[in-house]
Amino acid sequence: MTPTDQAALPTQEAHQQAMDVARQSPTQHVPRSVKKEQISAEVHGSGPMGRVNAWLAVRITKIVGTMYCAYVFTAIAFVALPSAISDGHLTVLVNWLSSNFLQLVLLPIIIVGQNVISTAQDKRAEADHETLTALHTMNVQQLQILNTQQQILELLKTKTA
């Protein structure tokens, strides 16, 4: 390849500039990862009150969403059981079971389960993001190679014509 042919090929700097322009275009994909922390402002607002509300909601959820809280709620529910049994009415027992026991105990257990599921989904999303970012990088490199090959073919056409 002659120096003239080499000069016609895109340099790494020219390619980087082209990629920067492509990233600014809305039709070009730029990989990004969305974290939980970035979503909090959208849910509660980015002001001081929104941050306090988000912090408080997360804090309470972390406390209530533990198996230890489920055990405490179970103990609290069983405190009312002797009274429900001594009353002797079936409706009182059903009310105790549905209101006291199920609601108190199932709430933290459901939150724990959701936390486990959410953590697994976050891990999968991070792995998918890494994979897709690598594939995107390979795709950009392949497009660069194809563009270079196209320029070489055009140079060959002009030389043979």
- Of the residues Thr74, Thr27, Thr4, Thr61, which single one is outside any helix (DSSP H, G or I) and either modelled with pLDDT of 65 or more or over 28 Å from Val105 (Cβ atoms) (or both)? Thr27
- Picking from Leu132, Leu104, the residue that is more than 27 Å from Cys69 (Cα to Cα) and assigned to a helix (DSSP H, G or I) would be Leu132
- Message: Scan the range 81-97 and tell me whether some residue there is within 33 Å of the chain's Cα centre (by Cα), hydroxyl-bearing (Ser, Thr, Tyr), in a helix (DSSP H, G or I) and at pLDDT below 90.
- Response: no
- Task: Identify all residues within the range 69-108 that are within 24 Å of Val58 (Cα to Cα) and among the small types (Gly, Ala, Ser); write none if there are none.
- Result: Ala70
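The values are calculated or read from the model by the stated rules, or taken from the named source; none is laboratory data. Computed from a predicted model, the values in this text were never measured in an experiment. Ideal geometry is used to build each Cβ from the backbone, glycine not excepted, and the neighbour counts take in all protein chains shown.
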